[in-house]
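A quick write-up on the structure given underneath.
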Amino acid sequence: AFGLSEGTALDWSALHVTSVANVDSTTGSLGLVAVCGLMVAIRLIGDRLVARFGRRAVIRFGGLCAAAGYLTVSFVSGLPLLILGWGLVGFGVGMIAPQVYAVAGHIGGGRVLAVVVTFGYAAFLMGPGLMGFVVRQLGLHHAMVVPAALCAGILLLAVTMPNNDADLTG
């Protein structure tokens, strides 16, 4: 879910903004700027958020933000709201992968981390292509409900995550 959602945001956001807001490609690239900028910002403060609120809460909040962002871009057409929506997506998905990878490394070391990263990147790389099929069926604007649903599913899956590093050892 997080791999497909992150890959979709990186590969489709600029085209989505360009098409839906009917703007030139330079202006449309603001969607990608919003995704990447907020993804970097949250990754810079993510460890502090996990220390304060716990890993499970951070992942749930990330899934909620990303789902809200994807729903926003699925149903609005104004440029400011599209940029806001894509920013929420970046802010949300940026929280999830580092936490999933951290738990995999803590639980099983390098071998388990390698397996989890492989699946994450496979979804990251295949997701945008799969989204191309969905776009063809639903249209570019409304196809973003699919990653929204996947991000909402992260809220449920977060229950399997340990809340903090102490839960990993004990």
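The values are calculated or read from the model by the stated rules, or taken from the named source; none is laboratory data. Predicted, not measured: the structure shown is a model, and the values here were computed from it. Ideal geometry is used to build each Cβ from the backbone, glycine not excepted, and the neighbour counts take in all protein chains shown. Just so you know, the surface numbers come from the protein's heavy atoms only, side chains and all, with ligands and any DNA or RNA stripped out. Shrake-Rupley method; radii C 1.70, N 1.55, O 1.52, S 1.80 Å.
Worth pointing out:
Table: residues versus (1) touching a Gly at 6+ places or on another chain (Cβ under 7 Å); (2) buried (at least 16 other Cβ atoms within 10 Å of the Cβ); (3) of a type in the set (Gly, Ala, Ser).
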residue: Ile83; (1), (2), (3): yes, yes, no
residue: Ala102; (1), (2), (3): no, yes, yes
residue: Arg111; (1), (2), (3): no, no, no
residue: Leu138; (1), (2), (3): no, no, no
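- The condition of being of a type in the set (A, V, I, L, M), more than 19 Å from Val33 (Cα to Cα) and open to solvent by 20 Å² or more (accessible area, probe 1.4 Å) holds for only one of Ala148, Ala143, Ala152, Ala158, that being Ala152.
- Output for the stretch 37-65, where each listed residue is open to solvent by less than 20 Å² (accessible area, probe 1.4 Å) and within 15 Å of Ala9 (Cα to Cα): Met39, Gly62, Gly63, Cys65
- Across the stretch 21-32, the qualifying residues are those that are open to solvent by 30 Å² or more (accessible area, probe 1.4 Å), in a helix (DSSP H, G or I) and in contact (Cβ under 8 Å) with a residue 24 or more places away in the chain, and the one among them that is nearest to Val117 (Cα to Cα) is Leu32.
- Residue that is assigned to a helix (DSSP H, G or I) and at pLDDT below 95, where the choices are Val50, Val73: Val50
- Scope the stretch 123-136; condition exposed (fewer than 15 other Cβ atoms within 10 Å of the Cβ) and either at pLDDT below 90 or on the phi > 0 side of the Ramachandran plot (or both); matching residues: Leu125, Met126, Gly129
- Where a residue in the stretch 91-117 is farther than 10 Å from Ile59 by Cβ and its partner, wherever it lies, is of a type in the set (Val, Ile, Thr), with Cβ under 6 Å and at least six apart: Phe91/Ile42; Gly94/Ile42; Ala104/Val112; Ala104/Val116
- Hits in the stretch 1-19 (condition: of a type outside the set (Phe, Trp, Tyr), assigned to a helix (DSSP H, G or I) and open to solvent by 10 Å² or more (accessible area, probe 1.4 Å)): Leu4, Glu6, Leu10, Asp11, Ala14, Leu15, Thr18, Ser19
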